[in-house]
Amino acid sequence: MVKKQLSDGNIVEAFPLTQAQRLMYFVYNSYGKNPAVLNIGTGCYWKGAFDTELLKQALYEAADRCESIRLRFSPDRQFGLVQYIADEHCIEITEHDHSAMSEEESFAILKGWTREGIDFIEKPLNTIRIMHLPDGYNGFYTKFHHLAFDGYAVKMFMADAMAIYLHKKIGSTYPKPMRSYTEAMKTELDYLESDQRKADRAYWMKTFSESGEPIFNDYLLDNRMKKEKESNPDRRYVLMFEGEHPESRTLHFDLSAEDSAKIIEMCRENNLSVPCVLMLGLRSALSAFNDNEKDVSFKFMINRRGTLLQKKSGGNRWHFYTLRTIVEDSLTFEEAAQIVEEEQNNVFNHCNFDTLEMYHIKHMAMKMDRLEQTYDSMSFSYHAPLEIPFESEEIKATAKGIWYNNDYSAQNLYLTVKHRLSDNGLEFIFEYRISENPKHDLEIFYSKLRSALMIGAENPKITIREILEKIKLEEN
Amino acid sequence: MEKIVDFILQYVEMDEEITEVSTLKNDCGFSSFDLTCLYTDIFTYYGIKPECVNVKAIKTVGELKAAIDNNKTKN
């Protein structure tokens, strides 16, 4: 902790950024180049009974219970940027009536709000608005800053606000308390001086020095690895990130509730993890795009929310790590999913280690000379369903959670899989940089990913070879 | 058992009673990440070497308790 004098002369207790915040800030500075990269715009809407005044009270109360909503940042000579907790959140919840607009018109306005950069130096960061949308939908829109919230924290805030709203409206149980952001942050900073950090560092050094070199697997049909190998036959990585072109779009695919339930049920019956099966679907599509390559790597996001302190303290805890699996095609879908889970759990055990330092160790071990050289073509994150309470099943059936893409991305391709609020079906959202023009290829890529998942869900004893043969037959 | 329940309640909020037949994933709502962290906490506390326990075979709180009883070196 340091005593920090702010530009208005006030002195506050301030702390350096955590590793997760430093990663976010580094990626923003290096590859984002637009303030909107750090905005998270979301909405939670439903049809049916709605009480504006009670929801406003509930949202204020949820904001009062959420310490990280008061988080602010200040430039600092020693640390670059420091964080501190302001006394007040200073949020003023306004009400906006879009009910007479077309859906497109309303969406464009909400997206426009999401694209407005947040001046994050010594100022309140976050916005909450009550919305009346076209077609009878009501609810609330939030815009949070990514240094203070990640996707999990946003969803936890929404669930807390809704639980308070329903307590006020229908007398349901009042939600249990949220947890202290400061306490969670101090634990993060204490880790930097711990023996566990030394052990994690040793683990990553050993892993990279012993595991051999991975290989880049492309999601573009015009394969960059093949092109690279034309001039450098031994090369197994490509140069990828570009800071100059962060403009992005999203491609959204909905898997039906029935098909999603088949995957989830198969996981339950075979004691497999849903995110690991999804990652197996992803690695199968990457493999199919790369001559059935057995050695597949991609980045995956770990929200590091285990204890209730971690789950309910807000903040940004995301770390990214490579998930590398080598899967022989004679293995069954079920066996391959277990390999993915085993590797995932290996990473979990060492995921408090600084992502940036881990990649630095990896680059040294692989004798790469630029951070932009990579074996991981894309990133993946899975958002587990987090129960958001609604007044009735009927109202829940109309509920929708919307993520407003800010149209800027610090990554070339980022696949997020989450569950729909209304029916628990799976949504696949590809956020891609338009400079690569990958839309056509991604449609084919998703088709293979989906097919691999459904074939495996129907028959987890089928071999990976059979799955790859089947999905290869689909037209490119 | 009381200590194990204490550990579990650091991870999940439960109104229902936790018993030996409660399953960690379905009844208590543990994710894979939660479980990895829970095992680390418990094994550290009881001085258990992780490689001595087949965590994949643990489904219930009772099975977790048995694994601790069979492998603990302290407390």
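Points worth noting:
- Residue match in region A:182-197 (condition: part of a helix (DSSP H, G or I), over 24 Å from A:Glu67 (Cα atoms) and free of Cβ contacts under 8 Å to residues at least 24 places away in the same chain): yes
- Selection count where residues are within 12 Å of chain A (Cβ to nearest Cβ), modelled with pLDDT of 90 or more and out of contact with any helix residue (DSSP H, G or I) (no Cβ under 6 Å at 6 or more places or on another chain), scope region B:7-17: 6
- Flag if A:Asn217 is polar (S, T, N, Q) and either in the same structural domain as A:Leu442 (by TED's automatic domain parsing) or within 25 Å of the chain's Cα centre (by Cα) (or both): yes
- Of the strands (runs of 3 or more DSSP E) lying entirely inside region A:1-65, those containing at least 1 residues that are surrounded by fewer than 19 Cβ atoms within 10 Å (Cβ to Cβ) and among the polar types (S, T, N, Q) span A:2-5.
- Candidates A:Asp150, A:Asp119, filtered to the one that is within 28 Å of A:Tyr25 (Cα to Cα), of a type in the set (Asp, Glu) and crowded, with 19+ Cβ neighbours inside 10 Å: A:Asp150
- Which numbered condition A:Ser172 misses (of (1) touching a Pro at 6+ places or on another chain (Cβ under 9 Å); (2) part of a helix (DSSP H, G or I)): (2)
Quick grid of which residues meet (1) away from chain B (no Cβ under 11 Å); (2) modelled with pLDDT under 95:
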site: A:Leu251; (1), (2): yes, no
site: A:Leu255; (1), (2): yes, no
site: A:Arg268; (1), (2): no, yes
site: A:Ser313; (1), (2): yes, no
site: A:Leu323; (1), (2): yes, no
site: A:His360; (1), (2): yes, yes
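- Checking each residue in region B:38-64 for being closer than 20 Å to A:Asn271 by Cβ, away from chain A (no Cβ under 14 Å) and of a type outside the set (Val, Ile, Thr) picks out B:Gly62, B:Leu64.
- Residues located in region A:120-168, provided they are among the basic types (Lys, Arg) and either without any contact (Cβ under 8 Å) to a residue 60 or more places away in the chain or closer than 29 Å to A:His319 by Cα (or both): A:Lys123, A:Arg129, A:Lys143, A:Lys155
- Test for A:Lys299: is it surrounded by 17 or more Cβ atoms within 10 Å (Cβ to Cβ), part of a helix (DSSP H, G or I) and more than 14 Å from chain B (Cβ to nearest Cβ): no
- The set of residues from region B:18-37 being within 14 Å of chain A (Cβ to nearest Cβ) and either more than 18 Å from A:Asn345 (Cα to Cα) or among the acidic types (Asp, Glu) (or both) comprises B:Thr23, B:Asn26, B:Asp27, B:Cys28, B:Asp34.
- Wholly enclosed strands (runs of 3 or more DSSP E) of region A:387-476 bearing at least 1 residues without any contact (Cβ under 8 Å) to a residue 60 or more places away in the chain and in the same structural domain as A:Leu239 (by TED's automatic domain parsing): A:413-419
- Within region A:362-386, if we keep just the residues that are at pLDDT 95 or above, away from every other protein chain (no Cβ under 14 Å) and assigned to a strand (DSSP E or B), the residue that is farthest from A:Lys312 (Cα to Cα) turns out to be A:Ser379.
- Where a residue in region A:107-119 is under 13 Å from A:Gly43 (Cα atoms) and its partner, wherever it lies, is at pLDDT below 90 and surrounded by 14 or more Cβ atoms within 10 Å (Cβ to Cβ), with Cβ under 7 Å and at least six apart: A:Thr114/A:Asn406
- Close pairs (6 angstrom Cβ cut-off, 6 or more residues apart or separate chains): under 11 Å from A:Ser409 (Cβ atoms) in region A:23-43, crowded, with 21+ Cβ neighbours inside 10 Å and of a type in the set (S, T, N, Q) anywhere: A:Ala36/A:Asn406
- Every listed requirement among (1) away from every other protein chain (no Cβ under 13 Å); (2) closer than 30 Å to A:Lys155 by Cα is met by A:His319 save one, (1).
- A:Pro124 meets each of the listed conditions (1) touching a helix residue (DSSP H, G or I) at 6+ places or on another chain (Cβ under 9 Å); (2) under 20 Å from A:Asn10 (Cβ atoms); (3) modelled with pLDDT of 95 or more apart from (3).
- Per-region count, region B:4-45, residues in contact (Cβ under 8 Å) with a residue 24 or more places away in the chain, more than 10 Å from the chain's Cα centre (by Cα) and in a loop (DSSP other than H, G, I, E, B): 9
The values are calculated or read from the model by the stated rules, or taken from the named source; none is laboratory data. Quick caveat: nothing in here was measured; it's all calculated off a predicted structure. Note: ideal-geometry Cβ built from the backbone for every residue, glycine included; neighbour counts use all protein chains shown.
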